[in-house]
Amino acid sequence: MSEDDVTKEIGCRWNNLSQKGKDCYSNKHNQEMQKYTETIEKFKKKVSKKQKKLKSAKQSESPEIFVRKEICVEYCVEDVKHQYRNSSNEEQPGTSLNTMVIGHLKAYNGWICSSKSQLLALNYKCCKEILICKKLMETYCLQTEKLTSPISLTSRYFGDDLMKCLERFEISYDYLDPWGYIRDERLILNGFKIRITESEHGPGIEVNNTKVYELFEISNQIPFYGIAYLKEILEKIQDKQQLTISESRPINVKSFLQAESLRMVSKLSTRPTMDDVLDVLQQVVHLEQQTHCIHGKPAFQTIHCFL
């Protein structure tokens, strides 16, 4: 018998049952319900007692676990100034702007350094994150794959203004190749490869009856990457002709490269040498704009100014 047949049979038997038979089962139901409620209440009381015990145990243990220790460290700014003047007078090969690594703060995983006339607290990983992200923004080339059917780029996608911007790019030709190629790094590094032909009978749709622009390779590293991002790049180039590669990056590409820099930083050694820290310090000091990492943490903070 199926479940439906069983329920129908039970329903028929219950309807045909006399009132005494129904009262017998209802009494048993009430007794079982009373037992159930009693066991539930007992269980709730046990749970509440255990929770109170845990809270009291945590309150008693918390002062012992989180003990604040105060350590007195002898420190004299005049001694640091004196050492700084001596080091600045000596010629240090490989250093610039009087940069110097003083020591390591193990408790905070930071470094005490000096640069120019300032005493700095340096976050090594934060600095590496900034430098790697900056390098990726300037040089990283997104991987591309060939399209099975190239996309003909016309004013239908971009409008007349952006199409004119696309036509202003320099075209380079290879020997015995009917296609010309736009080799602008702002397009290639962002995962767009465009070719052009001046033949009226070439593949695609003619633009101005002279040139045909085709997108034949596009990046496959970023999901849903397409014409909209190419349009975003062209709009930036149209607003600013001397646009750098890092400035031309679309928003999704920036997010991808930031995540890539975080992944690379996580693989770095947790114990950098003094030379590594000095090299990072010299690079970060030259940065004029970006002095905060992706999460907004400062690369370094000024502790004291000697002047």
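The values are calculated or read from the model by the stated rules, or taken from the named source; none is laboratory data. Computed from a predicted structure; not experimentally measured. All Cβ positions, even for glycine, are placed from backbone atoms using ideal geometry, and neighbour counts span all protein chains on display. All accessible areas refer to the heavy atoms of the entire protein, side chains included, with ligands and DNA or RNA removed. Shrake-Rupley method; radii C 1.70, N 1.55, O 1.52, S 1.80 Å.
Results, tabulated for the structure shown:
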{"read-out": "Other-chain or far-sequence residues with amide H under 5 Å of Glu217's (modelled H)", "value": "Leu147, Lys193"}
{"read-out": "Entries in Lys125/Lys240; Lys125/Lys254; Lys236/Lys297 that, when Cα-Cα distance is taken, lie over 25 Å", "value": "Lys125/Lys240; Lys236/Lys297"}
{"read-out": "Reach of Lys50 by Cα under 17 Å, taken over lysines that are not fewer than 8 positions away in the same chain", "value": "Lys42, Lys58"}
{"read-out": "Packing-based ranking, highest mean first, of 164-170, 116-122 given that Cβ atoms within 10 Å are counted", "value": "116-122, 164-170"}
{"read-out": "Accessible area expressed per residue, the stretch 130-169, with surrounding protein chains retained (probe 1.4 Å, Å²)", "value": "57 Å²"}
{"read-out": "Cα gyration tensor shape for the stretch 236-307, rounded if a/c is under 1.5, else prolate or oblate", "value": "oblate"}
{"read-out": "Burial ranking of peptide ranges 146-155, 262-271 (average Cβ count within 10 Å, highest at the top)", "value": "146-155, 262-271"}
{"read-out": "Computed FRET value (nearest 0.05) for Ala259 with Leu54, which takes r as the C-beta separation and R₀ as 35 Å", "value": "0.35"}
{"read-out": "Cut-off 16 Å (backbone N to label point 7 Å along Cα→Cβ of Met274), residues of the stretch 103-139", "value": "103-106, 111-115"}
{"read-out": "Glu247 versus Trp14: modelled label distance in nm, points set 7 Å from Cα along the beta carbon direction", "value": "7.8 nm"}
